[in-house]
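Colleague: I have a structure here, written as C-alpha cells, and I will follow up with some questions on it.
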Amino acid sequence: MNPPFASPVVLQGHGLRLEPLTMEHEPGLRAAAADGELWNLRVTSVPRPEDTAAYIAQALDMQARGERLPWAVVDADSGRVIGCTSYHDLIPAVRRVEIGWTWYARSVQRSHVNTAAKLLLMAHAFDTLGCTVVGWRTDILNLTSQRAIERLGARKDGVLRSHALRRDGSIRDTVMYSLLASEWPEVRARLSARLQAPSAPLPAGD
C-alpha cells in the first residue's frame, strides 16, 4: 500500500505550534471556542462547548478516511490551545490541498496568529509535500475570512452558487481561492517580512 499523501506532523514556528488534533485537545479547544462564544457566528463551523468532543471525533474520522488532516493551534510559549485548522480535500494526483476548518479564540484574532499558522501550513504543503496548488473556500457572507485569505496572497477563482448548507439550514454560496507553487516564493517572502515587522493588526480568517 502506498503511503498517504499527507500524514500528521507537528509544525512549529513564529510563536505557534500546530499539533495533530487528538481528544487530548478537547478541554483547550472548548475553552478557545468559548473565548468570544464563536459558535454563535452563522458563517463558521465552531462547535458549541458540549459538542467539542464530537467535533474532534468527526475530524479524526475524516482523517482516517484520508479526507482531512486536522491540527490544534497552540501558543508555543504558554501551551494554550487557541484554535484549530486543517488540510482538507486532499487530491494526491494533482498534489493539491485546501486549508480550512480554521478558527481562533476571539482574544487572538486580529493578531499575527492567522498569518503565522497559514505560513506554516503553506510551507509544509509546497516545500515538503510538493503541492502544485493550495486552495481555500469560504462562505460568501464571511467577508472577514475573504479579506484574510486575500491578504495571504491567494487569488479568487470564482463563486460556487448554492454550494453548501450552513449550520442554520440555509444554503450558501462558496467563494474559492487558490495559490500556485510558482506564486509561493513571493508570498512566503512577503508574509515572513510581515511577521518580522508587523505594522498593523491583521484580520482573522479561514
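Colleague: Using only the Cα atoms of region 17-83, build the gyration tensor, take square roots of its eigenvalues as a ≥ b ≥ c, and label the shape rounded, prolate or oblate: rounded if a/c is under 1.5, else prolate if a/b is larger than b/c, else oblate.
Modeller: Oblate, because a/c is 1.5 or more while a/b does not exceed b/c.
Colleague: Right, next: Taking the Cα-to-Cβ direction at HIS163 and at GLU186 and moving 7 Å from each Cα, how far apart do the two end points lie in nm?
Modeller: Each label point lies 7 Å from its Cα, and together they span 2.4 nm.
Colleague: How far is it, in nm, from the label point at ASP35 to the one at ASP61 when both lie 7 Å from their Cα along the line to the Cβ?
Modeller: 2.9 nm
Colleague: Next question. Given charges of +1 on the Cβ of Lys and Arg and -1 on the Cβ of Asp and Glu, with all other atoms neutral, how large is the dipole of region 11-196 about its Cα centre, in debye to the nearest 20?
Modeller: Using Cβ point charges on Lys, Arg, Asp and Glu, region 11-196 gives about 560 debye.
Colleague: Could you tell me which of rounded, prolate or oblate describes region 11-196, using a ≥ b ≥ c as the square roots of the eigenvalues of the alpha-carbon gyration tensor, with rounded for a/c under 1.5 and, failing that, prolate when a/b is larger than b/c and oblate otherwise?
Modeller: Rounded is the answer for region 11-196, as its axis ratio a/c remains below 1.5.
Colleague: Sticking with this one: If you stretched the chain out fully between ASP127 and LYS156, how much longer would it get, using 0.36 nm times the residue separation minus the C-alpha to C-alpha distance?
Modeller: 8.2 nm
Colleague: Take THR44, THR102, THR132 and order them by how many other Cβ atoms sit within 10 Å, fewest up front. Don't skip to the end; give the middle numbers.
Modeller: Working: THR44 21, THR102 25, THR132 14.
Ranking THR44, THR102, THR132 by Cβ neighbours within 10 Å, fewest first, gives THR132, THR44, THR102.
Colleague: Then there is this: At most 15 other Cβ atoms within 10 Å plus a DSSP loop assignment makes a site exposed; report the longest stretch of the chain without any exposed GluC sites (Glu not before Pro).
Modeller: 68-206
Colleague: Say R0 is 30 Å: what FRET efficiency, to the nearest 0.05, do SER170 and SER107 get from their beta-carbon distance?
Modeller: My answer for the efficiency is 0.55.
None of the figures in this text is laboratory data; all of them are computed from the coordinates on show. Small disclaimer: the values here were computed from a predicted structure and weren't measured. Heads up, the Cβs are rebuilt from the backbone with ideal geometry, glycines too, and the neighbour counts pull from every protein chain shown.
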